[in-house]
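Engineer: Just passing along the structure, written as structure tokens.
Every number in this text was worked out from the coordinates using simple rules, so none of it is lab data. Remember, predicted model here, so these are calculated numbers, not experimental data. We place every Cβ from the backbone using ideal geometry, glycine too, and count neighbours over all the protein chains shown.
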Amino acid sequence: MDAIFLQILNGLDKGGAYALIALGLTLIFGTLGVVNFAHGAVFMLGAFCAVTLNKILTLSQRIRDESVTFFEAYKEVPYLEVWFGETGSTLIEYSVPISILVAIPVMLLVGLAMERGLFRFFYNRTHAEQILVSFGLAIVIQEIVKAFYGANPIPQAPPEIFAGSANIGAMLGMSEAIVYPWWRLVYLVFAGIVIAAVFCFLQFTTFGMVVRAGMMDRETVGLLGINIERRFTIVFGLAAVVSGLAGVMYTPILPPDYHMGMDFLVLSFVVVVVGGMGSLGGAVAAGFLLGVLQSFAAMAEIKAIIPGIDQIIIYLVAVVILLVRPRGLMGRKGVMET
Amino acid sequence: MIAPTTPRKDMVMFIVFAIAILTLPIWMAPLGGSYPDLLQKFAIFGLFAVGFNILFGLTGYLSFGHAAFLGVGSYTAVWSFKLLSMNILPAIFFGMITSGLFALIIGYVSLRRSGIYFSILTLAFAQMSYNLAYSVLTPITYGETGLQLAQYDPRILDAQATVEGGGIPLTNLFGLEMQGWPGFYFCAVVLIIGFYIAMRITRSPFGMMLLAVKSNQNRMNYTGLNTRPYTLAAFVISGIYAGLAGSLMAVTDPLAGAERMQWTASGEVVLMTILGGVGTLLGPVLGAAIIKYFENIFSAINESVLHAFFGFLPDFIENGLVNVASLFVGKGWHLTLGVLFMVMVIFLPGGVIEAYDRIRKRFFSKETRSSAAPQAGDD
Amino acid sequence: MKSIITRRGLLKGTAAGAGVAALGSVAPTHFIKNAWAEEFRNDPTNKSAITLGFNVPQSGPYADEGADELRAYKLAVKHLNGEGDGGMLNTMKPLSLKGNGILGKKVEYVTGDTQTKSDAARASAKRMMEKDGVSMVTGGSSSGVAVAVQALCQEMGVIFMAGLTHSNDTTGKDKRRYGFRHFFNSYMSGAALGPVLKDEYGTERRAYHLTADYNWGYTTEESVKNTTEALGWETVAAVRTPVGAGDFSQYITPVLNSGADVLILNHYGKDMVNSLTQAVSFGLRDKQVNGKNFEIIVPLFSRLMAQGAGDNIKGILGTTNWNWSLQDAGSQAFVKSFGQEYGFPPSQAAHTCYVQTLLYANACEMAGTFNPVEVIKTLEGFNFDGMGNGPTEYRAADHQCFKDVLVVRGNENPSSQFDLLQVVQQVPRSQVEYDPSIFGGELGPYKA
């Protein structure tokens, strides 16, 4: 029982991450119809916002390290600690949450720049060309990050108060054995908030209404005298911010490296398509569904029945869903079906 | 739709292509790429891309899982070497058969959907194949370390090849060993045959039918024609091409690894085709050659090579140039590839073939063509 | 080159020509095998220099490890050519090298990118052998690549000096006559951990394995399991995890309530960094089970992984092939010249690559020829010292080096950013030796 409860929690946590990553992609790909292979790279850039901020905060004074005798080595003490003492240390400790504030404007700019500088020329080009150009862009972004930060993962610690695990079992009056890391709970809540915010934005604002109308029928909205192009630019920016935030908050769970975007790229496309093209709700639902199923497939009891099921569960589910429901969970007719 | 061609023009193109492929060792020499392994790769991946183009270029169905067929072809070929004979013909035969069957099953299921849904279905099947081959299927595929030949394999058809203390016999075509240059010429001949068949398919009524599916499948359905058998045939044919390419990989280098089936490998053939020019005959071969050239030659240029190259310049210029250039070669070869992709598609959307057509148009503008740009991509 | 044209001279000439001139010669290289007893691929006799092929991952997840290997190779080339301070040439025993290249020929090198993929690695190695005319290929940072390239080198008749590869298979079931491994293996990790685990954690423990679902993971799990079960530990479960899973939470939560009090992570690279980081965040390190502190063990450590895992590595036991803090003369000489050249200490991957290059060069010098058959015979059973792990032997039966193995612990109070691993015990070679027949496999013939 405890095991199942924990796996549900794992699944929701994973699902939150998948949904958040897929949400950004579905805005661009599911609705604007741009096949964006650089989406993983955007996610990775978000994570490196956190790394960069941490590097800046820990810019250090170099002090000759006497313990190394073979050659000249240096110890590093962050300037913030030198100048501000305790306050400085606290700032460094909270570098991941602070990165959110940095990542929002940075990622917005990244998204706008990508759209204005590149993708707007590709709305009417074929998918093949979109794939080639966005794949090229992804490689370029990756290589630039690699040139600065190397290929090794760079650990990011969560703030001290979120570092341990919460004893959820005791809180809920269940078994003592149910513990879960604080930071993952934070991530789950954060994912919920961001998803809700995006939905509210698109559902309840005039801007959102126009964008949704534009997704349905760009031509008609254009004929009504509304500048739909400009709004699509902002959608691009929004998508970059959402993916970037997913990346920032993921760093304490998965030490980021330059290649992490590619690792999530296929998965995010699968989530979007399983959810159904053109459906935000579908992407979120698919994210949680795949997350939960993936967690259960990892249980030894299930692996004993079907060996290797955890290796293929995501793809198996994708195949089954697409065969049973031709347009994914909640897809609209006619979006990228030809 | 397509540029008007005549059988004569096709024949000229084919002969030029055949000569160009067979003389690769000579004219690749100044480019530093004249050694058997690279040219074998050109031929093998060229074949893979030509086959892929039969599906993608003609029907517009974008498969993201074609590497699975390549992998299946390789595994079958190596098993044929292990169990049957070091002769390459059974290996190639079985490689094509199994990958064809595999393609039939996956194609039958995946072609029930179209567009992006089709792409994700093929991707899912390929990724499942890869993940299983890498892990739980290790007894069959040998997982991470790859399926290799061993000295005491059964080889029931030519058991005499196993010599006590004689090492592992080499793959051969009735005694002609398939390593080095003979291996290249064999692959080249197969590529030329494959190219010829692809050309015939494209120009046949069947090919026209596929193009019709691409331009408007609904209209085809309304005329009362079931398009599925046509697309399935195209899918299986391109799967067989991939299997053939995979078994050729095993022929020239008898080892099969799971990573050949990963999505990045499927993505690579997509990129090769688009880079060269989707829907054109020559484009995919060129795209394959360009990507393999970058992977093998650019990645090998290290700083000492650069210093030698710029050595004639004054020191400070030399060092500056080496520093700049080293960002793009050696460990930075991926960056060059990424930039190349972007530049190509921004300035030459039809791939390499369009570049050629534009140049041709500029200099031989009298020769009018109804549509210079080859039809690229889907919808 | 001599101007008298004989058939043999011509053969050699074409072979050399095809090799040296990157932008020249189209002449097909010779594939006539065993045509002349003393003929061998890429014979540098008529050339002024000998070329070595450094085949390391320059892209993909192990790119940093590859970069460190490449630094070590360049340093080795310098030292072989008599530049720099000579490094381990000052400490290696027995030493035939004179600091004037190998057999009087200047050492040159070419590089390639393995991408940590077997196909790419083989393509790169083939380029080195077919186009650049290398006499030896070395490098790599995974067993899949090492095994694949090793088999190729056997076929082509060029010696392969493996870089970082830890699977038993490399010198076990997939061993080859032309392949040599200086790095240790899973079996030795397990055997070395045994006594230390007994001292540190006692004999009544319940272990839970998380194992990367591929060959290296299987051999490591088996080796460690054999050791711990011999100590009297119980194995609660051994669960396979997909390689590159990223998030391992669904595998870690079942550990919490399994009754196990030790978690063994048979993961390497990014998988290990992720699974360890996540296991620690689930509070496993702070747990008490069966009245004992919960412990995590990582059978194979490297400094780059330790950097990636950050503070989570503190206090965790594992094994490593070599560590820069060793105090013997060989290690110190190497760390000193590497540190002066690059400003930081070398990793274990760098060390093994450096040593392999020197060992090959020394064997050529001893054999008095570049003929791989003679070089192989010299390396087989070669005993040496002064290269960092005490007296070492290249065992003739399986081409595996036998030397002391380091059991290390993630440093609780690192004195510098490089001081991440602390040596707990240098387990003597006699404890990690095994019978070469247990893994099967065939070395194959001397003549390729």
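Engineer: Average projected area of the Cα convex hull of region A:2-324, in nm²? If you can, show how the numbers build up before the last one.
Structural biologist: Values: hull surface 87.1 nm².
In nm², the orientation-averaged hull projection of region A:2-324 is 21.8.
Engineer: Partner chain Cβ atoms within 10 Å, averaged over the residues of A:288-301 - can you pull that number for me?
Structural biologist: Counting Cβ atoms of other protein chains within 10 Å of each residue's Cβ and averaging gives 3.
Engineer: Follow-up question, since we're still on this one. For chain B, list the DSSP H helices whose alpha carbon atoms reach 30 Å or more along the long axis and whose average Kyte-Doolittle value is -0.5 or above?
Structural biologist: Details: long enough: B:36-59 (34 Å, 1.33); B:88-110 (32 Å, 1.98); B:180-203 (35 Å, 1.28); B:228-252 (36 Å, 1.18).
Qualifying helices, which must be both long enough and hydrophobic enough, are B:36-59, B:88-110, B:180-203, B:228-252.
Engineer: Given the options C:186, C:331, C:416, state which has the largest fluctuation in a GNM of chain C using a 10 Å cut-off (strictly under) for Cα springs.
Structural biologist: Highest fluctuation of the listed residues: C:416.
Engineer: If you don't mind, there's one more thing I want to ask. Using a cut-off of 14 Å between alpha-carbon atoms, which aspartates and glutamates can reach residue C:377, once sequence neighbours fewer than 8 places away in the same chain are excluded?
Structural biologist: Hits, sequence-local ones excluded: C:365, C:393, C:398.
Engineer: Then there is this: With only alpha-carbon pairs counted, each pair once and no self-pairs, how large is the Kirkwood hydrodynamic radius of region A:87-167 in angstroms?
Structural biologist: Working: mean 1/r = 0.0622 Å⁻¹.
After inverting the mean inverse Cα-Cα distance, the result is 16.1 Å.
Engineer: A follow-up question, please. In whole angstrom, how far apart do the alpha carbon centroids of region A:99-125 and region B:70-146 sit?
Structural biologist: That distance is 39 Å.
Engineer: Out of A:264, A:162, A:48, any idea which swings most in a Gaussian network model of chain A, alpha carbons joined below 10 Å?
Structural biologist: A:162
Engineer: If you don't mind, there's one more thing I want to ask. Would you mind telling me the antiparallel percentage of the DSSP bridges in region C:249-364, rounded to 5?
Structural biologist: Counting only bridges with both partners in region C:249-364, antiparallel ones make up about 25 percent.
Engineer: May I pose another question? Find the relative contact order for region A:2-324 and round it to a whole percent, using C-alpha pairs within less than 8 Å whose residues are 6+ positions apart.
Structural biologist: Relative contact order, region A:2-324: 38 percent.
Engineer: Oh, and also: Give me C:85, A:310, C:385 sorted ascending by neighbouring Cβ count inside 10 Å, so fewest comes first.
Structural biologist: C:85, C:385, A:310
Engineer: If the reach is capped at under 18 angstrom between alpha carbons, list the lysines near residue C:47, excluding any in the same chain fewer than eight residues apart.
Structural biologist: Answer for residue C:47, where 18 Å is the Cα cut-off: C:2, C:12, C:105, C:106, C:131, listed by chain and number.
Engineer: Hey, any idea what Rg/Rh is for region C:291-448, computing Rh the Kirkwood way over Cα pairs?
Structural biologist: 1.03
Engineer: Rounded if a/c is under 1.5, else prolate if a/b is larger than b/c, else oblate: which is region A:123-266, with a ≥ b ≥ c the root eigenvalues of its Cα gyration tensor? Mind dumping the intermediate values first?
Structural biologist: Values: a/c = 3.26, a/b = 1.45, b/c = 2.25.
Oblate, since a/c reaches 1.5 and b/c is not below a/b.
Engineer: Compute a Gaussian network model of chain B, connecting alpha carbons closer than 10 Å, and tell me which residue from B:316, B:94, B:42 fluctuates the most.
Structural biologist: Of the options given, B:316 has the highest mean-square fluctuation.
Engineer: Next question. Using a ≥ b ≥ c from the Cα gyration tensor of region B:326-368 (square roots of the eigenvalues), is it rounded, prolate or oblate, where a/c under 1.5 gives rounded and otherwise the larger of a/b and b/c decides, a/b for prolate?
Structural biologist: Because a/c hits 1.5 or more and a/b exceeds b/c, region B:326-368 counts as prolate.
Engineer: Please give the Cα centre distance for region C:275-351 versus region C:414-448, rounded to the nearest Å.
Structural biologist: Centre-to-centre (Cα) distance: 16 Å.
Engineer: Among C:410, C:60, C:258, whose Cα projects farthest towards the positive end of the dipole of chain C, with charges put on the beta-carbon of Lys, Arg (+1) and Asp, Glu (-1)?
Structural biologist: Working it through, the farthest residue towards the positive pole turns out to be C:60.
Engineer: For chain A, take the longest principal axis of its alpha carbons; what is the angle in degrees between that and the long axis of helix A:280-297, to the nearest 10 within 0 to 90?
Structural biologist: With rounding to tens, the tilt is 60 degrees.
Engineer: Tilt of helix A:182-204 relative to the longest C-alpha principal axis of chain A, in degrees (0 to 90, nearest 10)?
Structural biologist: 30 degrees
Engineer: Counting only complete DSSP H runs, which helices of chain C cover 15 Å or more along their long axis at the Cα atoms and score a mean Kyte-Doolittle of -0.5 or above?
Structural biologist: Those that pass (Cα extent of 15 Å or more, hydropathy at least -0.5) are C:7-20, C:63-80, C:143-156, C:186-201, C:269-281, C:329-342, C:348-367.
Engineer: With +1 on the Cβ of every Lys and Arg and -1 on the Cβ of every Asp and Glu, and nothing else charged, how large is the dipole of region B:8-262 about its Cα centre, in debye rounded to the nearest 20?
Structural biologist: Magnitude of the dipole: close to 1220 debye.
Engineer: Tell me the angle of helix A:228-250 to the major Cα principal axis of chain A, expressed in degrees between 0 and 90 and rounded to the nearest ten.
Structural biologist: 40 degrees
Engineer: What per residue convex hull volume, in Å³, comes out for chain B when only alpha-carbon positions are used?
Structural biologist: Enclosed volume per residue, from the Cα hull, is 165 Å³.
Engineer: If the only charges are +1 at each Lys and Arg Cβ and -1 at each Asp and Glu Cβ, what is the size of the charge dipole of the protein assembly as shown around the Cα centre, to the nearest 20 debye?
Structural biologist: Taking the Cα centre of the protein assembly as shown as origin, the dipole is about 3760 debye.
Engineer: Using the 10 angstrom Cβ neighbour count as an exposure proxy, how do C:160, C:370, A:148, A:236 rank, fewest first? Before the final figure, lay out the partial values.
Structural biologist: Working: C:160 29, C:370 20, A:148 11, A:236 26.
Ranking C:160, C:370, A:148, A:236 by Cβ neighbours within 10 Å, fewest first, gives A:148, C:370, A:236, C:160.
Engineer: Regarding region C:355-448, what's the average projected area of the Cα-atom convex hull, expressed in nm²? Don't skip to the end; give the middle numbers.
Structural biologist: On the way: hull surface 32.9 nm².
Convex hull of Cα atoms, orientation-averaged projection: 8.2 nm².
Engineer: Rounded if a/c is under 1.5, else prolate if a/b beats b/c, else oblate: with a ≥ b ≥ c from the C-alpha gyration tensor eigenvalues square-rooted, which is chain C?
Structural biologist: Prolate, because a/c is 1.5 or more and a/b exceeds b/c.
Engineer: Next up: How many angstrom lie between the Cα centre of region A:260-298 and the Cα centre of region B:240-259?
Structural biologist: A separation of 32 Å, based on Cα centres.
Engineer: Counting each DSSP H run of 4 or more residues in chain B as -39500 (n - 2.57), what helix-only mean residue ellipticity at 222 nm follows after dividing by all residues, to the nearest 500 deg cm²/dmol? Before the final figure, lay out each step's value.
Structural biologist: Numbers: 17 runs with 248 residues, N = 379.
The helix-only estimate for chain B comes to -21500 deg cm²/dmol at 222 nm.
Engineer: Restricting to region C:187-320, compute how many DSSP beta bridges are antiparallel as a %, nearest 5.
Structural biologist: 10 percent
Engineer: Based only on other Cβ atoms within 10 Å, what is the fewest-to-most ordering of A:259, A:39?
Structural biologist: Details: A:259 20, A:39 28.
Ranking A:259, A:39 by Cβ neighbours within 10 Å, fewest first, gives A:259, A:39.
Engineer: Hey, what number do you get for chain A at 222 nm if only DSSP H runs of n ≥ 4 count, each worth -39500 (n - 2.57), divided across all residues, to the nearest 500?
Structural biologist: -22000 deg cm²/dmol
Engineer: Also, quick follow-up: Mind checking the dipole of region C:187-320: about its Cα centre, +1 per Lys or Arg Cβ, -1 per Asp or Glu Cβ, Debye to the nearest 20?
Structural biologist: For this selection, approximately 160 debye.
Engineer: Then there is this: Give B:41/C:74; B:82/C:175; C:198/C:314 a once-over and call out the pairs whose C-alpha atoms are over 23 Å from each other.
Structural biologist: Where the Cα-Cα span goes over 23 Å, the pairs concerned are B:41/C:74.
Engineer: Among all the aspartates and glutamates, which ones have a C-alpha under 13 Å from residue C:292's C-alpha, if same-chain residues fewer than 8 places away are not counted?
Structural biologist: Those aspartates and glutamates meeting the cut-off are C:200, C:204, C:261.
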